[in-house]
1. Can you name the condition, by its number, that residue 173 falls short on among (1) surrounded by fewer than 24 Cβ atoms within 10 Å (Cβ to Cβ); (2) at pLDDT 75 or above; (3) not β-branched (Val, Ile, Thr)?
2. With the checklist (1) in a helix (DSSP H, G or I); (2) modelled with pLDDT under 85 in hand, flag the one item residue 337 doesn't pass.
3. (1) closer than 23 Å to residue 130 by Cα; (2) out of contact with any Cys (no Cβ under 9 Å at 6 or more places or on another chain): which one isn't true of residue 373, the others all being true?
4. Filter region 335-381 down to the residues that are closer than 18 Å to residue 478 by Cα and of a type in the set (D, E, K, R) and list them by number.
5. For region 351-371, enumerate the residues that are more than 14 Å from residue 288 (Cα to Cα) and among the aliphatic types (A, V, I, L, M).
6. Do we find a residue being modelled with pLDDT of 75 or more, in a helix (DSSP H, G or I) and surrounded by fewer than 14 Cβ atoms within 10 Å (Cβ to Cβ) anywhere in region 428-446?
7. Look through region 237-262, keep the residues that are within 24 Å of the chain's Cα centre (by Cα) and free of Cβ contacts under 8 Å to residues at least 60 places away in the same chain, and return whichever of them is surrounded by the fewest Cβ atoms within 10 Å (Cβ to Cβ).
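The values are calculated or read from the model by the stated rules, or taken from the named source; none is laboratory data. Everything numeric in this text was worked out from a predicted model, so none of it was measured. We place every Cβ from the backbone using ideal geometry, glycine too, and count neighbours over all the protein chains shown.
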Amino acid sequence: MSQSVTSAQLSVARRYAILASVVLGSTLYATTLLVASTLLPAMQGAFAATPDEIAWTTTFNILATAIATPMTGWLVARFGRRRTMLFCVGGFTVATWLCGQAESLETVVLWRIVQGAIGAPVVPLSNAIVLDTFPRRQAGMVSSVFGMTVVLGPVIGPALGGILAETYNWRWAFYMIVPAGILATVALRFTLPADGTGTHTRLDWLGFLALATTIACVQLVFSRGQRLDWYESTEIIVETGIAALAFWVFLAHSLTARAPFLNLRLLLNRNYALGLVLVTLYGMVNFTPIVLLPSLLQAYAGYPDSIIGLIVGYRGIGATIGFACTLVIGRLDPRIGLVLGYGLLAVAGIWLTQIDLNVDVDTLLLNAALQGLAVGIIWVPLTVMTFATLESRHLAEAMALFHLLRNIGSSLFISLCVTEIVRATTANYSRMTELITPFNKVLGVPNLMGGWSTETVTDLAKLSREINRQASMLGYINAFGLFTAACVIAMLFSLLARRGQRSA
């Protein structure tokens with residue numbers, strides 16, 4: 001640790017105080033990741049915005065987070081862990097308050113950008129601090145405690161934010177974070193060891209700008225591709241071209257520069273390189289059901305918001321049990337936990353491909369709990385395996401890339417699944433409506449049509465809506481199939497992991 005007090009000199013009480021402080025700070029940041037998605041309808045009405053305009057509050061926050069996350073390593077080297085954490089958690093709290101105070105769409109987008117950029121280093125830096133504060137024999141335990149912030153934060157945020165927005169207004173979903181943010185800032189001030197003298201590391205501006213441009217363009221393609229019909233849009237084509245060119249510049253520069261922005265030589269470490277692949281897959285499968293199921297249940301199955309919130313809550317309960325299980329599983333070969341976790345997720349995915357629009361609540365609750373159990377089991381062996389053979393001085397930089405790829409994996413896969421739902425819905429609707437014609441003699445068989453009729457325009461409209469519901473359900477089943485395939489691929493990659501000892 002680049003601090004005046006090393007981790008070996010910390011008392012047991014001080015270590016757990018640090019753990020509690022950084023977990024609180026990172027939980028607050030994780031809570032805001034999906035909370036805005038709950039608030040979009042209310043904010044759209046408050047600002048008289050179009051769906052595309054209000055979506056920028058989420059899109060620009062994701063962009064700012066993705067661009068700022070890789071800067072974690074440089075910030076730590078330049079200013080130290082304690083100063084960086086205090087600035088990021090304190091600045092994030094202020095930006096969150098200002099989001100609630102915003103009186104125009106432009107203002108709320110501005111503060112969402114600031115919120116994402118200042119808060120981006122919190123999660124990777126918190127993870128690095130936790131791993132470096134405790135001895136390696138306790139890595140599984142502390143990773144389990146910290147991992148709950150990654151999984152439970154995005155569950156707590158939308159549920160609690162939706163209740164406050166419905167009871168009061170959308171601003172209170174931001175205000176609820178401020179008191180805890182102040183508490184986290186004060187706690188970090190008194191628990192983290194003081195920083196030593198900074199190294200005055202020079203920022204590699206070419207590498208940073210090239211990577212930032214790549215990430216920004218890729219995120220824009222994922223966020224806006226569905227609305228603009230992907231590569232039928234000139235904007236998407238241009239953004240893809242710029243992303244490819246910028247990534248080539250970043251890659252060429254990083255491999256030839258003496259002090260690159262990101263040290264790509266870390267990828268020569270087998271466990272770390274494999275961990276990056278697995279955490280990308282983890283990001284792909286972690287949030288996808290949370291995003292897809294609520295829209296399916298609300299729009300097509302007629303479930304109320306209260307039941308949907310209960311289903312999300314059961315996922316959190318399952319995750320808590322999963323993290324408790326890792327206190328035992330974490331002592332075993334990491335491949336056991338990884339294969340078990342991804343295997344349970346694959347089972348949950350296969351289960352989801354078997355449901356229909358008449359699915360009962362108990363099935364959804366059990367499936368959500370199984371998903372939570374699986375993601376809870378995965379996180380600890382994934383984190384311990386990835387950083388087991390890395391030197392401590394590389395943790396902040398390596399952790400930043402680790403969490404960046406987790407976020408990019410989520411964004412990419414959710415966009416892919418939504419695209420498949422739209423494509424399959426359109427294709428299946430076309431095929432099924434082709435059969436609704438006066439020339440189809442099968443429809444004239446007695447009792448075959450049940451309560452449906454094609455006699456009047458009203459009857460045809462009702463039948464059209466039902467066909468659209470069924471076509472959409474087929475699209476969601478396809479998306480759950482992609483989810484299951486990603487889990488199986490992750491299981492196969494997990495078999496390549498191996499134990500290792502991290503250097504002091």
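1. Among (1) surrounded by fewer than 24 Cβ atoms within 10 Å (Cβ to Cβ); (2) at pLDDT 75 or above; (3) not β-branched (Val, Ile, Thr), residue 173 violates only (1).
2. (2)
3. (2)
4. 356
5. Answer for region 351-371, where residues must be more than 14 Å from residue 288 (Cα to Cα) and among the aliphatic types (A, V, I, L, M): 355, 357, 359, 361, 364, 365, 366, 369, 370.
6. The answer is yes, given that some residue of region 428-446 is modelled with pLDDT of 75 or more, in a helix (DSSP H, G or I) and surrounded by fewer than 14 Cβ atoms within 10 Å (Cβ to Cβ).
7. Result: 244.
Residue-by-condition table, conditions (1) assigned by TED's automatic domain parsing to the domain that holds residue 350; (2) at pLDDT below 90; (3) assigned to a helix (DSSP H, G or I); (4) within 25 Å of residue 302 (Cβ to Cβ):
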{"site": "475", "(1), (2), (3), (4)": "yes, no, yes, yes"}
{"site": "479", "(1), (2), (3), (4)": "yes, no, yes, yes"}
{"site": "491", "(1), (2), (3), (4)": "yes, no, yes, no"}
{"site": "496", "(1), (2), (3), (4)": "yes, yes, no, no"}
{"site": "503", "(1), (2), (3), (4)": "yes, yes, no, no"}
